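What follows is a set of notes on a single structure, which appears directly below.
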Amino acid sequence: MKALSTAEIPSTYDPRLVEDKWYSFWEKSGFFHTTVNAEQEPFSIVMPPPNVTGQLHMGHALDNTLQDILTRWKRMQGYNALWLPGTDHAGIATQARVEESLAKEGLSRYELGREEFLKRVWVWKEQYGSRITTQLRRLGASCDWRRERFTMDEGCSEAVLEVFIKLYQKGLIYRDYYITNWCPKCHTTISDIEVEHLDQPGHFYHIKYPFKDGGGHVTLATTRPETMLGDVAVAVHPGDERYRDLVGKILILPLVGREMPIITDEYVDPSFGTGVVKITPAHDPNDFEVGRRHDLPQVIVIDKEGKMSEEAGPRYQGLDRYECRKKIVRDLDAQGYLLKTEDHAHAVGHCYRCNTVIEPMLSRQWFVKMKPLAEPSIEAVKNGRIRFIPERFTKIYLNWMENIRDWCISRQLWWGHRIPVWYCRDCEEMTASKAPVKKCARCGSLNVEQDPDVLDTWFSSALWPFSTLGWPRQTLDLAYYYPTTVMVTGRDIIFFWVARMIFSGLAFMNEVPFRDVFIHGLVMDALGRKMSKSLGNGVDPIDVIESHGADSLRFMLVTGNTPGNDLRFHFERLEGARNFANKLWNASRFTLMNLEDFDPEGRPGAYTLADRWIISRYQAVINDVTGYLQAYELGEAARVLYEFIWSEFCDWYIELAKPRLYGKTNQTDRYTAQSVLSSVLKGALELLHPFMPFITEEIWQHLPGHGVTIMRAPWPAARGELIDQDAEHEMGALMDVIKAIRHIRGEMNVPPGRRAEVLLVAPDKAVRAVLEKGTGYIEALAGAAIKTHKSLEQPPEQAAHAVTRGVEIFVPLKGLIDVDKEVARQEKELAAVEKELARVQGKLSNPGFLSKAPADVVEKEKAKEEELSSKQTAIKERLSMLTGGK
RNA sequence: GGGCGGGUAGUUCAGUGGGAGAACGUCUGCUUGACACGCAGAAGGUCGUAAGUUCAAUUCUUAUCCCGCCCA
């Protein structure tokens, strides 16, 4: 694959000319593909599977960018890096989409029938299934597509069956009547964590329930008066003195006339409301528990459509639950039972899919018994076999695991893994089996039918880290890549997914599914709101890639963000990343323009100070970037590279190299500059490649000594002998002088074209030597003509003045100096120096500081004092000269 | 009610037990033979509030207020 030729490198980087080209080169060349290799250490990540018919959103973009950075980095480090991709069948979401499309044809799934409907879903899946994987390619994801999996493919489905049967045989899967969360719109049960609790304004209705015999009543408050039709008791706390005498008495349920007892139960909070609670076992999870303890009947008054059932009585039957609420309130009021209505905000459960208010509903469902599975999962995290990054998520995970409740796994859907249980209609025998059951094992009847429900989608994704590697078969892949190295995912699915993978891995592989869990935050809009369809505030990553390039998007997502924290999407930050790409592009363009006659085989001459400095800085950057990646501080790693490339390489090194490249006087020195320029650039590209894969490949392919692909270039290793403290120190001093002169030029409005005469005064011999060595640098970068002195007998009066570490700077400006203005400038500087000096001296005169602070800190403060006080002296002298001693 | 995160420059965010940083925005000046998606310079912060630990706190501890999230 060819990069653009040097002659056609445009001055503005255009990702569209570059990205697709390199991606298909990588993929076709098989660079993403890996296989078991016992000689090599594995590094493995399985991708959190996106919804097969969904499309890429910013959350995916972030999640996959992080994974790609880690994978590309480890691959360059020489690991056998596997990033295994795949998609999820997303039961509710996908089924809902297909039902919507059917609705447009005026059809329902029931009219179509199960088999025909499923055919339609598969067609839908074939049609849209490649959209998201195509989009991931555009992001640059270097995952091994030859291993792509799907939660409903043959292997994953087999894993699901295997797990279900094993859990069933161990007694960890059971079927029971229970209160579950029913979504009247999706027509299915959902698990506890799929319910989102939102605070909503509502009312507290205070109602009186009269006694059967004699007068009097008890008062209670409810937010859901319509459920009173299903009331079967009233409860008070056993220790509540106020109601002690009433326990056991019989009440008459208003509007209904049902007789019901007053009971006691610990669940009642005597300090809340009136301390009296109505008990509706069929429509409230807490009441359900109370009902079980007291063996109360269950009266179902709301049906699966969210409408009042026959049990609700003829007056209310068929009414929507909210219509019914209004009618009940009116009726209670009319009959004098309603005492008062208060405003009351309370948390209401909503379906995470369709946002409909959940109806707690009594029904028969399948559950996984969680306690025995949770225990080893708690242990694995507590003893460090699994590590959360950042660490604080450990507590969130443990807290949830320790209070775990059984997991409702059946869904009243058609799209998914059908529950492998058959019922005999004749003898009611129940058989769980991997193979279809045709005949009842007990009575031999052929009148058997399979459970109509499917499993929760998360049931199959819980197996993802091992089902994708071949389980339940004991494959070589499984032995080599499992447990995976790291799981990268959003903080919003720790419970849904991470926790479930952990207990599944432990239960079926006898080993944790991953060592590290790298948790990231959510991508919010610019105002800090969650991106959502209903708000219409989502930003489409594909639009961003088309306008600014995938590299810019990736870089923007990864910078200025700390692990676990949310990230706001600011367009300005995207532009910043795009500008950085362009900067890199132009620095490379400059380098390549000056490299046309470069001989990669040649040997460079002596390094200049600037060479030694940038080479030394580059070693430090290698160490920093590698260290930050190791610590999952991807944002810091990116920041270090940004600063190195922009501020040090471009702003200083390239500028210092220019005279050496343009002037043809010294071919050896020119060659040396070419060599340093190209080698540091090449190394910087390699360090940046995991973050910005496309642009780095494009440029790298032009550089001398490049290989087949930057993807497979060895990760740069710092060489300690190239770290050059002297060079860094000397360059630092020269940079300070240059900055001081530029400052003066700016302040004094010296026209840029004009070459300023500058006098440098340095009493110290070593400092003078540095200045003399660096005269060329100062002259080139400060636009000045330099003369260096040990001291000046008669400092020029018409001059601007500055002091940096051991160097006094005079910029003579005959006729341009406004003495008053210069005095004011110096006074301001003096005040700043003296303020700082006072602070330092305060410290140094504190005996506690001298005796207790570490020696190096004290030394540092002393050196600072010395520098500040010499600066103070110089400024004072200058001031007294300017004001003529007045 | 419990837990967690955040409160640092005009804005968005990094960071740290010992001299407050970046990007964007603002101001000044620049067709400087890579780049105006650029170059050079500048202004701008009592690091939410109060107490404590320490020689030293923006950083650690406690309390408190505000914002957000999760759980009940």
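Mind giving me the nanometre distance, one decimal, between the label points for A:Ala766 and A:Glu375, set 7 Å out from Cα along Cα→Cβ?
Reported label-point gap for A:Ala766 and A:Glu375 is 6.8 nm.
Subtracting the Cα-Cα distance from 0.36 nm times the residue separation, let me have the gained length for A:Arg425 to A:Arg330 in nm, one decimal.
Using 0.36 nm per residue and subtracting the Cα-Cα distance, I get 29.6 nm.
Can you tell me the 0 to 90 degree angle between the C-alpha axis of helix A:19-29 and the longest principal axis of chain A, rounded to 10?
70 degrees
When only alpha-carbon atoms are used, what values of Rg and Dmax, in angstrom, describe the stretch A:724-817?
That works out to 12.7, 44 Å for Rg and Dmax.
For chain A, take the longest principal axis of its alpha carbons; what is the angle in degrees between that and the long axis of helix A:371-382, to the nearest 10 within 0 to 90?
10 degrees
As a check on your grasp of the helix formula, calculate [θ] at 222 nm for chain A: sum -39500 (n - 2.57) over DSSP H runs of n ≥ 4, divide by the residue count, round to the nearest 500.
Helix-only estimate at 222 nm: -13000 deg cm²/dmol.
In nm², what is the average projected area of the convex hull enclosing the Cα atoms of chain A?
Hull-based average projected area comes out at 52.8 nm².
Exceeding 22 Å between C-alpha atoms, which entries from my cross-link table qualify? They are A:Lys170/A:Lys371; A:Lys28/A:Lys583; A:Lys326/A:Lys533; A:Lys371/A:Lys530. Display every interim value, and only then the final one.
On the way: A:Lys170/A:Lys371 13 Å; A:Lys28/A:Lys583 30 Å; A:Lys326/A:Lys533 31 Å; A:Lys371/A:Lys530 34 Å.
Over 22 Å apart, Cα to Cα: A:Lys28/A:Lys583; A:Lys326/A:Lys533; A:Lys371/A:Lys530.
Past 26 Å, Cα to Cα: identify those pairs from A:Lys212/A:Lys278; A:Lys278/A:Lys307; A:Lys765/A:Lys821, in the order given.
A:Lys765/A:Lys821
Return the carbon/sulfur percentage of the accessible area of the stretch A:820-886, one whole number, probe 1.4 Å, all protein chains in place.
54 percent
Run the numbers on chain A and let me know its relative contact order in percent, using alpha-carbon pairs under 8 Å that are six or more apart.
12 percent
A:Glu154 versus A:Asp856, label points 7 Å from Cα toward the beta carbon: distance in nm?
6.3 nm
Calculated FRET efficiency, A:Leu722 and A:Thr668, Cβ-Cβ r, R0 22 Å, to nearest 0.05?
That pair, A:Leu722 with A:Thr668, gives E of 0.60.
Nearest 5 percent is fine: what portion of the DSSP beta bridges confined to chain A is antiparallel?
70 percent
Let me check something: with ligands and nucleic acids excluded, how do A:Cys354, A:Cys443 order by accessible area (1.4 Å probe), largest to smallest?
Of A:Cys354, A:Cys443, the descending order of accessible area is A:Cys443, A:Cys354.
State, to one decimal in nm, how far the label point of A:Ala441 lies from the label point of A:Ile252, with both points 7 Å from Cα in the Cβ direction.
So the label points at A:Ala441 and A:Ile252 sit 5.6 nm apart.
List, in order, the whole-Hz ³J(HN,Hα) value for each residue of the stretch A:37-52 obtained from phi through the Karplus relation with A = 6.51, B = -1.76, C = 1.60 and θ = phi - 60°; use x for Gly and Pro.
8, 4, 6, 10, 7, x, 9, 9, 9, 9, 6, x, x, x, 4, 4
Under 13 Å between alpha carbons, and skipping anything fewer than 8 positions from A:Lys787 in its own chain: which aspartates and glutamates qualify?
The qualifying aspartates and glutamates are A:Glu757, A:Glu772, A:Glu779, A:Glu808.
I'd like to check one number: the per residue accessible area of the stretch A:548-723, probe 1.4 Å, reported in Å² as a whole number.
Per-residue accessible area for the stretch A:548-723 comes out at 37 Å².
Which residues among the stretch A:565-590 fall inside the zone where the amide N is under 11 Å from a point 7 Å beyond the Cα of A:Ala526, along Cα→Cβ?
Residues passing the 11 Å test: A:569-574.
Can you give me the Cα centroid spacing of the stretch A:161-210 and the stretch A:233-279 in angstrom?
Computed from Cα coordinates, the inter-centre distance equals 26 Å.
What residues have an amide H closer than 5 Å to that of A:Ser44, excluding those fewer than 5 places away on the same chain, when H is modeled at 1.01 Å from N in the peptide plane?
Excluding prolines and chain starts, which carry no amide H, the hits are A:Leu82, A:Thr485, A:Val486.
Give the calculated FRET efficiency between A:Asn37 and A:Arg603 to the nearest 0.05, with a Förster radius of 35 Å applied to their Cβ-Cβ distance.
0.40
I need to check one value: relative contact order of the stretch A:820-886, counting alpha carbon pairs closer than 8 Å and at least 6 residues apart, in percent.
47 percent
Provide the packing ranking of A:847-853, A:668-674, i.e. peptides ordered by the mean count of other C-beta atoms within 10 Å per residue, highest first.
Details: A:847-853: 10.9, A:668-674: 20.3.
Descending packing order for the listed peptides: A:668-674, A:847-853.
Going by amide H atoms built from the backbone, whose H comes under 5 Å of the H on A:His346, apart from near neighbours?
Answer set, sorted by chain and number: A:Gln200, A:Gly202.
For the stretch A:724-817, report the accessible area per residue in Å² (1.4 Å probe, heavy atoms, rounded to an integer). Show your work: numbers first, answer last.
Working: 4710 Å² over 94 residues.
Value returned for the stretch A:724-817: 50 Å² of accessible area per residue.
Just read off the accessible area of A:Glu546 with the full protein assembly in place, 1.4 Å probe, to the nearest 10 Å².
About 90 Å², ignoring ligands and nucleic acids.
Sorting check: for A:751-760, A:54-63, A:365-374, which peptide has the highest mean count of neighbouring beta carbons within 10 Å, and how do the rest follow? Show your work: numbers first, answer last.
On the way: A:751-760: 14.6, A:54-63: 21.3, A:365-374: 18.5.
Put in order of decreasing packing, that is A:54-63, A:365-374, A:751-760.
What does the highest-first list of A:125-136, A:734-745, A:238-249 look like by mean Cβ count within 10 Å?
My ranking of the peptides, most packed first, is A:734-745, A:125-136, A:238-249.
Please give the FRET efficiency for A:Gln200 paired with A:Ile396, using the beta carbon to beta carbon distance and R0 = 25 Å, rounded to the nearest 0.05.
On the way: r = 25 Å, r/R0 = 1.01.
Given R0 = 25 Å and the Cβ-Cβ separation, E is 0.50.
Please list, in order, the residues from the stretch A:192-213 whose amide nitrogen is less than 16 Å from a point placed 7 Å along the Cα→Cβ vector of A:Arg405.
Zone members listed by number: A:192-198.
What translational diffusion coefficient, to the nearest whole µm²/s, does the stretch A:378-445 have by Stokes-Einstein, given a Kirkwood radius computed over alpha-carbon pairs, a temperature of 10 °C and 1.306 mPa s viscosity?
Translational D for this selection: 99 µm²/s.
If you roll a 1.4 Å probe over the stretch A:548-723 with all protein chains in place, what percent of the accessible area is carbon or sulfur?
49 percent
Note down the accessible area of A:Phe150, probe 1.4 Å, to the nearest 10 Å².
Spelled out: A:Phe150, probe radius 1.4 Å, area about 10 Å².
How big is D for the stretch A:316-424, in µm² s⁻¹ as a whole number, if Stokes-Einstein is applied with the Kirkwood radius of its Cα pairs at 37 °C and 0.692 mPa s?
In µm²/s, the coefficient is 170.
With all protein chains present, calculate the accessible area of A:Ser552 using a 1.4 Å probe and round the result to the nearest 10 Å².
0 Å²
What does the charge add up to near A:Ala432, with Lys and Arg as +1, Asp and Glu as -1, over the other residues with Cβ less than 13 Å from its Cβ? Write out the running numbers ahead of the final one.
Values: positive: A:Lys166, A:Lys170, A:Arg175, A:Arg418, A:Lys434; negative: A:Glu162, A:Glu429, A:Asp451.
Result for the local shell: +2.
Could you derive backbone 3J(HN,Hα) for the stretch A:137-154 from the dihedral phi with the Karplus parameters 6.51, -1.76 and 1.60 (θ = phi - 60°), listing whole Hz in sequence and x where the residue is Gly or Pro?
My calculation for the stretch A:137-154 gives 5, 5, 6, x, 4, 8, 8, 7, 5, 5, 10, 4, 10, 9, 4, 10, 6, 4 Hz in order.
Give me, ordered by chain and number, the residues 5 or more places off A:Arg149 or on other chains with an amide H under 5 Å from its own placed amide H.
Close amide H contacts, sequence-distant or interchain: A:Gly86, A:Thr87.
How large, in percent, is the carbon and sulfur part of the accessible surface of the stretch A:120-190 at a probe radius of 1.4 Å?
Carbon-and-sulfur percentage of accessible area, whole number: 50.
Which ³J(HN,Hα) values, rounded to whole Hz and listed in residue order, are derived for the stretch A:355-360 from phi using the Karplus coefficients 6.51, -1.76 and 1.60 in 6.51 cos²θ - 1.76 cosθ + 1.60 with θ = phi - 60°, glycine and proline given as x?
My calculation for the stretch A:355-360 gives 6, 6, 5, 5, 10, x Hz in order.
Please tell me the relative contact order of the stretch A:724-817 in percent, rounded to the nearest whole number, where contacts are Cα pairs under 8 Å and at least six residues apart.
35 percent
In degrees between 0 and 90, to the nearest 10, how far off the longest principal axis of chain A does helix A:609-630 point, with axes built from Cα atoms?
Once rounded, one gets 10 degrees.
The values are calculated or read from the model by the stated rules, or taken from the named source; none is laboratory data. Since we're looking at a predicted model, the values are computed, not measured. Virtual Cβ from ideal backbone geometry, glycine too; neighbours counted across all protein chains shown. Please note that ligands, DNA and RNA were not included when accessible areas were found on the heavy atoms of the full protein model with its side chains. Shrake-Rupley method; radii C 1.70, N 1.55, O 1.52, S 1.80 Å.
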